[in-house]
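Chemist: Below: one structure in structure tokens.
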Amino acid sequence: MEALIIWVTLKVREALLRFKQDLQDPSNRLASWNIGGDCCTWAGIVCDNVTGHIIELNLRNPFTYYHRSQYKANPRSMLVGKVNPSLLDLNHLSYLDLSVNDFQGVQIPRFIGSMRNLRYLNLSDTQFVGMIPPPLGNLSNLKSLDLSLNYLYVENFLWLSGLSFLEQLDLCYVNLSKASDWLLVANTLPSLVELRLSNCQLHHLPPLAISKFSSLTILDLSFNQFDNSLIPGWVSSLSHLVFL
């Protein structure tokens, strides 16, 4: 058993080092990631106190463009490169945040849809482009999904229909102009608390025969150009709404 634990530990360490190898790190944020030492002490990593498994990988850029004082620091602290599929060896990972880094204008890797234990996924402001890969809909344990502030689009919302535990969905700046089913599918997500679809090139706010948004507290549809002359009745029926 001890030999197995050592083998698993070495496999995970190797996976993380392969992930690091594909990234430029000008500010040495990953300096603690080295061949020796305990992975659980490395920057951005959280391990389960009982099992020792890596459950969280948080590499969000600590500096953002949203604060003027941090504007110059942001590019210097970005991780730049690609997302290595070695992340698949982190079998117990439930939290992945790679936001505000630069993955150089490629599509979101499809393999992320195979990381079935994820409950939190944040890929916002990471320079991803193209269509959101439908395999992300396989992440049936997700509670929070943030793909905002990229150059993404979708053809429809069917890929979201299986995310029954989803509580927070942020697709701000994703082109949803072809996703005519966005409201029908969102209305089937029973746990949804926050729905953020600002600046998504939406042009029509459809009616709903029956609204199932029983838990929705935040609805952000700002900076879309709806052709409706009246706000649909289902919006005014959102009894738990605190932000519109």
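The values are calculated or read from the model by the stated rules, or taken from the named source; none is laboratory data. Just so you know, these numbers come straight off a predicted model, no measurement behind them. Glycine also receives a Cβ, built like all others from the backbone with ideal geometry; neighbour counts cover every protein chain displayed.
Chemist: Mind listing whichever residues of the range 173-197 are surrounded by fewer than 21 Cβ atoms within 10 Å (Cβ to Cβ), more than 12 Å from L216 (Cβ to Cβ) and small (G, A, S)?
Modeler: Passing the criteria: S177, S180.
Chemist: Condition first: touching a residue at least 24 places away in the same chain (Cβ under 8 Å), touching a Pro at 6+ places or on another chain (Cβ under 7 Å) and buried (at least 20 other Cβ atoms within 10 Å of the Cβ). Can you find one or more residues in the range 79-91 that meet it?
Modeler: yes
Chemist: So, one more: Working carefully through the options L123, L192, L160, find the one that is touching a strand residue (DSSP E or B) at 6+ places or on another chain (Cβ under 8 Å), of a type in the set (A, V, I, L, M) and within 17 Å of D97 (Cβ to Cβ).
Modeler: L123
Chemist: Given the criterion in contact with a helix residue (DSSP H, G or I) (Cβ under 9 Å, 6 or more places away or on another chain), part of a helix (DSSP H, G or I) and surrounded by 16 or more Cβ atoms within 10 Å (Cβ to Cβ), identify the matching residue among L163, L136. Write out each step before concluding.
Modeler: Numbers: L163 fails: part of a helix (DSSP H, G or I).
Result of the check over L163, L136: L136.
Chemist: Exactly one condition in (1) crowded, with 17+ Cβ neighbours inside 10 Å; (2) modelled with pLDDT under 95 is false for L59; which is it?
Modeler: Every listed condition holds for L59 apart from (2).
Chemist: While we're looking at this one, here's another question. Is the range 97-118 home to any residue that is under 15 Å from N61 (Cα atoms), aliphatic (A, V, I, L, M) and in contact with a strand residue (DSSP E or B) (Cβ under 6 Å, 6 or more places away or on another chain)?
Modeler: no
Chemist: Then there's this: Which members of the range 143-160 meet the condition of being over 27 Å from A209 (Cβ atoms) and part of a loop (DSSP other than H, G, I, E, B)?
Modeler: Within the range 143-160, K143, L147, S148, L149, N150 meet the criteria.
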